[in-house]
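In what follows, a single structure is set out as C-alpha coordinates and then discussed.
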Amino acid sequence: MGTGTEDGVEPTTSAPGRLPAAFYRLFSAAVVSGLGDGLRYTALPLLAASISDRPSVVATVTVAGMLPWLLFGLLAGVLADRADRRSLMWITDFTRSLLIAGFALLVATSTMSIWLIAVFAFVIGCAQVMFDTAAGAFLPAVVAPEQLGAANGRLMSAQVLTSQFIGPPIAGLLFAVSVVWLFVIDSIGFLVAAVLVLTLRVARQGPATSGGSVGSDLMDGLRWLNRHRVLRDQSVLYVAMAFVSGALLGVFVLYVKQDLDLGGFGYGLLMACFALGNLVVAPLVPRIRGAVGDRVSLSASVVTVVVTLTALGTLPHPVVAGLALLLFGGAVMNWMVVTVTMRQEMVPDQLLGRVTSTYRMLGFAANPFGALAGGAIATAVGIRSMLLVGAAVVVVSALAFRRGLDSQQILDDEPAG
(Lines give C-alpha, C1' and ligand atoms only; values in the text may rest on other atoms or scores of the structure.)
Protein backbone atom coordinates (compact mmCIF):
# COMPACT_ATOMS: atom_id res chain seq x y z
CA MET A 1 0.00 0.00 0.00
CA GLY A 2 1.64 3.19 -1.12
CA THR A 3 2.01 6.22 1.11
CA GLY A 4 3.92 8.51 -1.19
CA THR A 5 3.69 9.79 -4.73
CA GLU A 6 6.76 8.10 -6.19
CA ASP A 7 6.16 5.93 -9.25
CA GLY A 8 2.81 7.65 -9.76
CA VAL A 9 1.26 6.09 -6.65
CA GLU A 10 -1.27 8.35 -5.01
CA PRO A 11 -1.06 8.61 -1.20
CA THR A 12 -3.57 6.63 0.80
CA THR A 13 -3.35 9.05 3.68
CA SER A 14 -4.30 12.70 3.81
CA ALA A 15 -5.08 15.40 6.31
CA PRO A 16 -6.90 14.03 9.38
CA GLY A 17 -10.54 13.42 8.59
CA ARG A 18 -10.06 13.91 4.85
CA LEU A 19 -10.24 11.01 2.45
CA PRO A 20 -7.42 10.80 -0.11
CA ALA A 21 -7.73 11.96 -3.71
CA ALA A 22 -7.66 8.35 -4.95
CA PHE A 23 -10.87 7.64 -3.05
CA TYR A 24 -12.74 10.40 -4.84
CA ARG A 25 -11.78 8.94 -8.19
CA LEU A 26 -13.07 5.58 -7.01
CA PHE A 27 -16.17 7.33 -5.64
CA SER A 28 -16.79 8.98 -9.03
CA ALA A 29 -16.52 5.61 -10.74
CA ALA A 30 -19.03 4.17 -8.25
CA VAL A 31 -21.47 7.02 -8.94
CA VAL A 32 -21.27 6.51 -12.70
CA SER A 33 -21.58 2.72 -12.38
CA GLY A 34 -24.50 3.06 -9.94
CA LEU A 35 -26.35 5.29 -12.37
CA GLY A 36 -25.81 2.71 -15.10
CA ASP A 37 -27.09 -0.04 -12.81
CA GLY A 38 -30.21 2.01 -12.06
CA LEU A 39 -30.84 2.50 -15.77
CA ARG A 40 -30.42 -1.19 -16.56
CA TYR A 41 -32.34 -2.58 -13.56
CA THR A 42 -35.33 -0.55 -14.70
CA ALA A 43 -34.94 -1.01 -18.45
CA LEU A 44 -34.64 -4.80 -18.61
CA PRO A 45 -37.98 -5.60 -16.89
CA LEU A 46 -39.64 -2.90 -19.00
CA LEU A 47 -38.16 -4.40 -22.14
CA ALA A 48 -39.28 -7.89 -21.09
CA ALA A 49 -42.79 -6.62 -20.29
CA SER A 50 -43.01 -5.07 -23.76
CA ILE A 51 -42.59 -8.57 -25.21
CA SER A 52 -44.73 -10.64 -22.84
CA ASP A 53 -47.39 -9.91 -20.22
CA ARG A 54 -46.95 -13.28 -18.47
CA PRO A 55 -45.48 -12.70 -14.97
CA SER A 56 -43.56 -15.97 -14.95
CA VAL A 57 -41.90 -15.13 -18.25
CA VAL A 58 -40.96 -11.57 -17.27
CA ALA A 59 -39.63 -12.82 -13.92
CA THR A 60 -37.14 -14.97 -15.85
CA VAL A 61 -35.10 -11.84 -16.52
CA THR A 62 -34.91 -10.97 -12.82
CA VAL A 63 -33.95 -14.53 -11.89
CA ALA A 64 -31.24 -14.56 -14.58
CA GLY A 65 -29.75 -11.43 -13.05
CA MET A 66 -29.65 -13.05 -9.58
CA LEU A 67 -28.10 -16.36 -10.61
CA PRO A 68 -24.49 -15.14 -11.06
CA TRP A 69 -23.98 -14.61 -7.32
CA LEU A 70 -25.09 -18.19 -6.67
CA LEU A 71 -23.10 -19.75 -9.51
CA PHE A 72 -20.08 -17.49 -9.76
CA GLY A 73 -19.74 -15.74 -6.40
CA LEU A 74 -17.13 -18.00 -4.79
CA LEU A 75 -15.02 -18.19 -7.95
CA ALA A 76 -15.05 -14.39 -8.16
CA GLY A 77 -13.59 -14.26 -4.67
CA VAL A 78 -10.71 -16.52 -5.70
CA LEU A 79 -10.02 -14.37 -8.77
CA ALA A 80 -10.08 -11.20 -6.66
CA ASP A 81 -7.39 -12.72 -4.41
CA ARG A 82 -5.29 -14.03 -7.30
CA ALA A 83 -5.16 -10.99 -9.57
CA ASP A 84 -4.55 -7.26 -9.25
CA ARG A 85 -7.91 -5.93 -8.06
CA ARG A 86 -7.69 -2.55 -9.78
CA SER A 87 -7.04 -4.28 -13.10
CA LEU A 88 -9.99 -6.61 -12.54
CA MET A 89 -12.23 -3.61 -11.88
CA TRP A 90 -11.38 -1.52 -14.92
CA ILE A 91 -11.29 -4.52 -17.26
CA THR A 92 -14.70 -5.64 -15.96
CA ASP A 93 -16.21 -2.17 -16.46
CA PHE A 94 -14.70 -1.93 -19.94
CA THR A 95 -16.16 -5.36 -20.76
CA ARG A 96 -19.56 -4.26 -19.46
CA SER A 97 -19.38 -1.20 -21.69
CA LEU A 98 -18.74 -3.37 -24.76
CA LEU A 99 -21.46 -5.88 -23.85
CA ILE A 100 -24.07 -3.18 -23.31
CA ALA A 101 -23.09 -1.45 -26.55
CA GLY A 102 -23.52 -4.78 -28.36
CA PHE A 103 -26.91 -5.27 -26.74
CA ALA A 104 -27.95 -1.76 -27.83
CA LEU A 105 -27.03 -2.74 -31.39
CA LEU A 106 -29.15 -5.90 -31.11
CA VAL A 107 -32.09 -3.88 -29.80
CA ALA A 108 -31.75 -1.56 -32.78
CA THR A 109 -31.36 -4.19 -35.46
CA SER A 110 -33.17 -7.37 -34.37
CA THR A 111 -36.30 -8.70 -32.77
CA MET A 112 -35.91 -9.04 -29.03
CA SER A 113 -36.81 -12.23 -27.17
CA ILE A 114 -37.14 -12.99 -23.47
CA TRP A 115 -34.30 -15.50 -23.69
CA LEU A 116 -31.95 -12.98 -25.28
CA ILE A 117 -32.75 -10.45 -22.55
CA ALA A 118 -32.28 -13.14 -19.87
CA VAL A 119 -28.89 -14.19 -21.28
CA PHE A 120 -27.80 -10.55 -21.35
CA ALA A 121 -28.95 -10.06 -17.73
CA PHE A 122 -27.01 -13.16 -16.68
CA VAL A 123 -23.78 -12.16 -18.44
CA ILE A 124 -23.89 -8.60 -17.12
CA GLY A 125 -24.70 -10.03 -13.70
CA CYS A 126 -21.54 -12.15 -13.84
CA ALA A 127 -19.51 -9.04 -14.60
CA GLN A 128 -21.14 -7.20 -11.72
CA VAL A 129 -20.27 -10.02 -9.31
CA MET A 130 -16.63 -9.77 -10.39
CA PHE A 131 -16.53 -5.99 -10.06
CA ASP A 132 -18.29 -5.84 -6.68
CA THR A 133 -16.06 -8.54 -5.18
CA ALA A 134 -12.86 -6.91 -6.40
CA ALA A 135 -14.04 -3.44 -5.32
CA GLY A 136 -14.89 -4.60 -1.79
CA ALA A 137 -11.41 -6.07 -1.38
CA PHE A 138 -9.71 -3.11 -3.11
CA LEU A 139 -10.90 -0.29 -0.85
CA PRO A 140 -8.32 -0.93 1.94
CA ALA A 141 -5.60 -0.17 -0.64
CA VAL A 142 -7.13 3.26 -1.28
CA VAL A 143 -7.87 4.63 2.20
CA ALA A 144 -6.24 4.36 5.61
CA PRO A 145 -7.68 1.77 8.03
CA GLU A 146 -9.31 4.40 10.23
CA GLN A 147 -11.09 5.83 7.15
CA LEU A 148 -12.76 2.60 6.03
CA GLY A 149 -16.05 3.31 7.80
CA ALA A 150 -16.41 6.79 6.30
CA ALA A 151 -15.40 5.53 2.86
CA ASN A 152 -17.89 2.64 2.93
CA GLY A 153 -20.68 4.94 4.11
CA ARG A 154 -20.10 7.39 1.27
CA LEU A 155 -19.80 4.68 -1.36
CA MET A 156 -22.98 2.90 -0.29
CA SER A 157 -25.02 6.10 -0.03
CA ALA A 158 -23.87 7.08 -3.53
CA GLN A 159 -24.85 3.69 -4.91
CA VAL A 160 -28.31 3.90 -3.31
CA LEU A 161 -28.83 7.46 -4.59
CA THR A 162 -27.86 6.67 -8.16
CA SER A 163 -29.27 3.15 -8.55
CA GLN A 164 -32.55 3.62 -6.64
CA PHE A 165 -33.42 7.32 -6.85
CA ILE A 166 -31.80 8.86 -9.93
CA GLY A 167 -31.38 5.96 -12.35
CA PRO A 168 -34.93 4.49 -12.41
CA PRO A 169 -36.85 7.69 -13.28
CA ILE A 170 -34.27 8.60 -15.92
CA ALA A 171 -34.60 5.07 -17.33
CA GLY A 172 -38.37 5.43 -17.47
CA LEU A 173 -38.08 8.66 -19.45
CA LEU A 174 -35.41 7.32 -21.79
CA PHE A 175 -37.32 4.09 -22.35
CA ALA A 176 -40.30 6.10 -23.56
CA VAL A 177 -38.08 8.09 -25.94
CA SER A 178 -35.53 5.54 -27.19
CA VAL A 179 -34.63 2.14 -25.75
CA VAL A 180 -31.50 2.04 -27.89
CA TRP A 181 -30.19 5.35 -26.55
CA LEU A 182 -30.87 4.20 -23.00
CA PHE A 183 -28.40 1.34 -23.43
CA VAL A 184 -25.95 3.54 -25.36
CA ILE A 185 -25.84 5.95 -22.44
CA ASP A 186 -25.41 3.01 -20.06
CA SER A 187 -22.49 1.77 -22.14
CA ILE A 188 -20.82 5.18 -22.12
CA GLY A 189 -21.21 5.35 -18.35
CA PHE A 190 -19.33 2.12 -17.79
CA LEU A 191 -16.60 3.26 -20.19
CA VAL A 192 -16.16 6.43 -18.11
CA ALA A 193 -16.08 4.33 -14.91
CA ALA A 194 -13.41 2.06 -16.43
CA VAL A 195 -11.21 5.06 -17.27
CA LEU A 196 -11.60 6.48 -13.76
CA VAL A 197 -10.52 3.19 -12.16
CA LEU A 198 -7.71 2.72 -14.68
CA THR A 199 -6.22 6.09 -13.74
CA LEU A 200 -6.17 5.28 -10.02
CA ARG A 201 -2.57 5.25 -8.82
CA VAL A 202 -2.11 2.73 -6.04
CA ALA A 203 0.54 0.11 -5.45
CA ARG A 204 0.04 -2.86 -7.75
CA GLN A 205 -1.03 -6.00 -5.93
CA GLY A 206 0.48 -9.35 -6.67
CA PRO A 207 -1.30 -12.70 -6.36
CA ALA A 208 -2.42 -13.18 -2.76
CA THR A 209 -3.28 -16.89 -2.86
CA SER A 210 -1.02 -19.86 -2.40
CA GLY A 211 -0.91 -20.58 -6.11
CA GLY A 212 -2.66 -23.91 -5.67
CA SER A 213 -5.82 -25.05 -7.40
CA VAL A 214 -8.95 -22.92 -7.48
CA GLY A 215 -10.67 -25.47 -5.28
CA SER A 216 -7.95 -25.37 -2.61
CA ASP A 217 -7.90 -21.57 -2.61
CA LEU A 218 -11.67 -21.53 -2.25
CA MET A 219 -11.56 -23.97 0.67
CA ASP A 220 -8.86 -21.89 2.38
CA GLY A 221 -11.26 -18.94 2.44
CA LEU A 222 -14.17 -21.03 3.71
CA ARG A 223 -12.05 -22.63 6.44
CA TRP A 224 -10.77 -19.24 7.60
CA LEU A 225 -14.30 -17.85 7.86
CA ASN A 226 -15.54 -20.96 9.66
CA ARG A 227 -12.76 -20.68 12.28
CA HIS A 228 -13.40 -16.99 12.95
CA ARG A 229 -16.40 -17.25 15.25
CA VAL A 230 -17.27 -13.55 15.19
CA LEU A 231 -17.45 -13.26 11.41
CA ARG A 232 -18.91 -16.75 11.00
CA ASP A 233 -21.80 -15.99 13.34
CA GLN A 234 -22.18 -12.61 11.67
CA SER A 235 -22.60 -14.32 8.32
CA VAL A 236 -25.36 -16.53 9.78
CA LEU A 237 -27.16 -13.45 11.11
CA TYR A 238 -26.78 -11.84 7.70
CA VAL A 239 -28.44 -14.86 6.11
CA ALA A 240 -31.36 -14.56 8.56
CA MET A 241 -31.72 -10.83 7.86
CA ALA A 242 -31.56 -11.35 4.09
CA PHE A 243 -34.06 -14.23 4.29
CA VAL A 244 -36.55 -12.11 6.23
CA SER A 245 -35.97 -9.08 3.97
CA GLY A 246 -36.73 -11.25 0.96
CA ALA A 247 -39.90 -12.50 2.64
CA LEU A 248 -41.04 -8.94 3.38
CA LEU A 249 -40.28 -7.45 -0.02
CA GLY A 250 -41.64 -10.50 -1.84
CA VAL A 251 -45.19 -9.99 -0.56
CA PHE A 252 -45.10 -6.30 0.34
CA VAL A 253 -47.03 -5.25 -2.75
CA LEU A 254 -49.91 -7.50 -1.60
CA TYR A 255 -49.66 -6.13 1.94
CA VAL A 256 -49.98 -2.61 0.54
CA LYS A 257 -52.97 -3.57 -1.58
CA GLN A 258 -54.86 -5.83 0.85
CA ASP A 259 -53.98 -4.54 4.33
CA LEU A 260 -53.31 -0.86 3.62
CA ASP A 261 -55.83 -0.51 0.77
CA LEU A 262 -53.38 1.51 -1.33
CA GLY A 263 -52.62 1.34 -5.04
CA GLY A 264 -49.47 1.45 -7.13
CA PHE A 265 -48.63 5.05 -6.20
CA GLY A 266 -48.79 4.23 -2.50
CA TYR A 267 -46.60 1.18 -3.03
CA GLY A 268 -44.03 3.32 -4.82
CA LEU A 269 -43.98 5.89 -2.02
CA LEU A 270 -43.51 3.21 0.64
CA MET A 271 -40.65 1.59 -1.27
CA ALA A 272 -39.10 5.05 -1.59
CA CYS A 273 -39.22 5.24 2.23
CA PHE A 274 -37.09 2.07 2.37
CA ALA A 275 -34.54 3.55 -0.05
CA LEU A 276 -34.60 6.86 1.82
CA GLY A 277 -33.73 5.04 5.03
CA ASN A 278 -30.73 3.53 3.22
CA LEU A 279 -29.66 6.91 1.93
CA VAL A 280 -30.00 8.90 5.15
CA VAL A 281 -28.27 6.40 7.43
CA ALA A 282 -25.28 5.39 5.25
CA PRO A 283 -23.13 8.52 5.81
CA LEU A 284 -24.01 8.55 9.54
CA VAL A 285 -22.88 5.00 10.29
CA PRO A 286 -19.19 5.80 10.98
CA ARG A 287 -20.19 8.37 13.62
CA ILE A 288 -22.73 6.00 15.18
CA ARG A 289 -20.19 3.19 15.22
CA GLY A 290 -17.55 5.44 16.75
CA ALA A 291 -19.94 6.64 19.45
CA VAL A 292 -21.47 3.34 20.57
CA GLY A 293 -19.24 0.59 19.15
CA ASP A 294 -19.93 -2.41 16.93
CA ARG A 295 -21.97 -4.50 19.35
CA VAL A 296 -24.46 -1.75 20.16
CA SER A 297 -24.63 -0.60 16.53
CA LEU A 298 -25.33 -4.09 15.15
CA SER A 299 -27.69 -4.92 18.00
CA ALA A 300 -29.63 -1.75 17.22
CA SER A 301 -30.06 -2.92 13.63
CA VAL A 302 -31.42 -6.28 14.79
CA VAL A 303 -33.81 -4.69 17.29
CA THR A 304 -35.03 -2.19 14.69
CA VAL A 305 -35.75 -4.95 12.18
CA VAL A 306 -37.72 -6.88 14.80
CA VAL A 307 -39.69 -3.80 15.89
CA THR A 308 -40.52 -2.74 12.33
CA LEU A 309 -41.69 -6.22 11.30
CA THR A 310 -43.82 -6.41 14.45
CA ALA A 311 -45.30 -2.97 13.74
CA LEU A 312 -46.17 -3.95 10.18
CA GLY A 313 -47.78 -7.17 11.41
CA THR A 314 -49.84 -5.61 14.19
CA LEU A 315 -50.53 -2.00 13.09
CA PRO A 316 -51.53 -1.99 9.40
CA HIS A 317 -51.67 1.75 8.69
CA PRO A 318 -50.01 3.73 5.86
CA VAL A 319 -48.18 6.11 8.23
CA VAL A 320 -46.92 3.23 10.38
CA ALA A 321 -45.82 1.38 7.25
CA GLY A 322 -43.94 4.42 5.95
CA LEU A 323 -42.08 4.92 9.22
CA ALA A 324 -41.41 1.18 9.50
CA LEU A 325 -39.96 1.00 5.98
CA LEU A 326 -37.82 4.08 6.64
CA LEU A 327 -36.40 2.53 9.83
CA PHE A 328 -36.07 -0.90 8.21
CA GLY A 329 -34.03 0.59 5.36
CA GLY A 330 -31.83 2.46 7.81
CA ALA A 331 -31.25 -0.65 9.92
CA VAL A 332 -30.28 -2.71 6.88
CA MET A 333 -27.84 -0.03 5.70
CA ASN A 334 -26.30 0.32 9.15
CA TRP A 335 -25.76 -3.45 9.26
CA MET A 336 -24.18 -3.47 5.80
CA VAL A 337 -21.75 -0.59 6.38
CA VAL A 338 -20.62 -1.84 9.79
CA THR A 339 -20.14 -5.45 8.73
CA VAL A 340 -18.35 -4.57 5.48
CA THR A 341 -15.97 -2.35 7.43
CA MET A 342 -15.40 -5.03 10.07
CA ARG A 343 -14.47 -7.58 7.41
CA GLN A 344 -12.05 -5.15 5.79
CA GLU A 345 -10.45 -4.57 9.20
CA MET A 346 -10.35 -8.19 10.38
CA VAL A 347 -9.74 -10.35 7.31
CA PRO A 348 -6.16 -10.69 6.02
CA ASP A 349 -5.76 -8.99 2.65
CA GLN A 350 -4.85 -12.24 0.90
CA LEU A 351 -8.24 -13.72 1.91
CA LEU A 352 -10.46 -10.66 1.68
CA GLY A 353 -11.84 -11.40 -1.80
CA ARG A 354 -12.88 -14.94 -0.88
CA VAL A 355 -14.41 -14.05 2.49
CA THR A 356 -16.28 -11.09 0.95
CA SER A 357 -17.68 -13.18 -1.89
CA THR A 358 -18.77 -15.96 0.49
CA TYR A 359 -20.60 -13.50 2.71
CA ARG A 360 -22.38 -11.81 -0.19
CA MET A 361 -23.23 -15.08 -1.93
CA LEU A 362 -24.97 -16.30 1.23
CA GLY A 363 -27.10 -13.15 1.29
CA PHE A 364 -28.00 -13.33 -2.38
CA ALA A 365 -29.02 -16.97 -1.92
CA ALA A 366 -31.11 -16.26 1.19
CA ASN A 367 -33.03 -13.36 -0.35
CA PRO A 368 -34.94 -15.24 -3.09
CA PHE A 369 -35.49 -18.26 -0.82
CA GLY A 370 -36.92 -15.87 1.75
CA ALA A 371 -39.30 -14.49 -0.88
CA LEU A 372 -40.47 -18.01 -1.75
CA ALA A 373 -40.86 -19.02 1.90
CA GLY A 374 -42.60 -15.75 2.73
CA GLY A 375 -45.08 -16.33 -0.05
CA ALA A 376 -45.81 -19.85 1.15
CA ILE A 377 -46.21 -18.83 4.80
CA ALA A 378 -48.36 -15.82 3.88
CA THR A 379 -50.61 -18.09 1.83
CA ALA A 380 -51.01 -20.45 4.78
CA VAL A 381 -51.43 -18.02 7.70
CA GLY A 382 -51.76 -14.54 6.17
CA ILE A 383 -49.30 -11.76 5.38
CA ARG A 384 -49.41 -10.08 8.78
CA SER A 385 -48.78 -13.36 10.59
CA MET A 386 -45.91 -14.07 8.22
CA LEU A 387 -44.31 -10.75 9.21
CA LEU A 388 -44.51 -11.75 12.88
CA VAL A 389 -42.90 -15.10 12.02
CA GLY A 390 -40.10 -13.15 10.31
CA ALA A 391 -39.56 -11.06 13.45
CA ALA A 392 -39.32 -14.28 15.50
CA VAL A 393 -36.76 -15.75 13.08
CA VAL A 394 -34.51 -12.69 13.54
CA VAL A 395 -34.84 -12.83 17.35
CA VAL A 396 -33.98 -16.54 17.52
CA SER A 397 -31.03 -16.12 15.13
CA ALA A 398 -29.65 -13.17 17.10
CA LEU A 399 -29.83 -15.10 20.37
CA ALA A 400 -28.32 -18.27 18.90
CA PHE A 401 -25.48 -16.50 17.05
CA ARG A 402 -24.94 -13.46 19.27
CA ARG A 403 -21.17 -13.59 18.82
CA GLY A 404 -21.84 -12.14 15.38
CA LEU A 405 -22.77 -8.89 17.12
CA ASP A 406 -19.34 -8.63 18.75
CA SER A 407 -16.17 -7.10 17.36
CA GLN A 408 -13.72 -8.33 20.01
CA GLN A 409 -11.08 -10.69 18.62
CA ILE A 410 -10.20 -13.09 21.43
CA LEU A 411 -7.06 -15.07 20.78
CA ASP A 412 -8.78 -18.45 20.59
CA ASP A 413 -11.21 -17.00 18.02
CA GLU A 414 -8.51 -15.95 15.60
CA PRO A 415 -7.66 -18.47 12.88
CA ALA A 416 -4.10 -19.66 12.72
CA GLY A 417 -2.02 -17.91 10.09
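The values are calculated or read from the model by the stated rules, or taken from the named source; none is laboratory data. Computed from a prediction, not measured in an experiment: that's the story for all the values here. Positions of Cβ are generated from backbone atoms using ideal geometry, with glycine treated the same way; all protein chains shown enter the neighbour counts. Just so you know, the surface numbers come from the protein's heavy atoms only, side chains and all, with ligands and any DNA or RNA stripped out. Shrake-Rupley method; radii C 1.70, N 1.55, O 1.52, S 1.80 Å.
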**Asked** What is the extension gain from residue 108 to residue 223, computed as 0.36 nm multiplied by their sequence separation minus the C-alpha to C-alpha distance, in nm to one decimal?
**Response** 36.5 nm
**Complete:** Relative contact order in percent for the chain (Cα pairs under 8 Å, 6+ apart) equals 26
**Item:** Test item: Cα-centred dipole of the range 19-131, Lys/Arg +1 and Asp/Glu -1 on Cβ, debye
**Value:** 140
**Complete:** Among 128, 243, 282, the residue whose Cα sits farthest towards the positive end of the charge dipole of the chain, when +1 is placed on the Cβ of each Lys and Arg and -1 on the Cβ of each Asp and Glu, is 243
**Asked** Dipole magnitude of the chain about its Cα centre, charges +1 at Lys/Arg Cβ and -1 at Asp/Glu Cβ only, in debye to the nearest 20?
**Response** 260
**Message:** Need the full-extension length gain, residue 385 to residue 188, defined as separation in residues times 0.36 nm minus the C-alpha distance. One decimal, nm.
**Reply:** 66.2 nm
**Request:** May I ask you to evaluate 6.51 cos²θ - 1.76 cosθ + 1.60, the Karplus curve with θ = phi - 60°, for each residue of the range 25-32 and list the ³J(HN,Hα) values in order in whole Hz, giving x for glycine and proline?
**Result:** 5, 5, 4, 4, 5, 5, 5, 5
**Asked** How many nm is it between the label spots at residue 62 and residue 269, if each spot is 7 Å from the Cα in line with the beta carbon?
**Response** 2.3
**Zone of residue 213's modelled label, taken as backbone nitrogen in the range 71-108 under 17 Å from a point 7 Å along Cα→Cβ** = 75, 78-79
**Prompt:** With θ set to phi - 60° and the Karplus curve 6.51 cos²θ - 1.76 cosθ + 1.60, what are the ³J(HN,Hα) couplings of the range 335-340 in order, to the nearest whole Hz, using x for Gly and Pro?
**Reply:** 4, 5, 5, 5, 6, 4
**Message:** I need the phi-derived Karplus couplings for the range 240-252: 6.51 cos²θ - 1.76 cosθ + 1.60, θ = phi - 60°, integer Hz, Gly and Pro marked x.
**Reply:** 4, 5, 5, 4, 5, 4, x, 5, 5, 5, x, 10, 5
**Request:** Could you sort 276-282, 173-179 so that the peptide with the highest average Cβ count within 10 Å comes first and the rest follow in order?
**Result:** 276-282, 173-179
**Request:** Starting from the Cα-Cα distance between residue 319 and residue 199, subtract it from 0.36 nm times their residue separation and give me the gain in nm to one decimal.
**Result:** 38.5 nm
**Request:** Give the accessible surface of the range 261-406 per residue, rounded to a whole number of Å², with probe radius 1.4 Å and ligands, DNA and RNA excluded.
**Result:** 41
**Prompt:** How much net charge surrounds residue 127 when only the other residues with a Cβ under 14 Å from the Cβ of residue 127 are counted, with Lys and Arg +1 and Asp and Glu -1?
**Reply:** -2
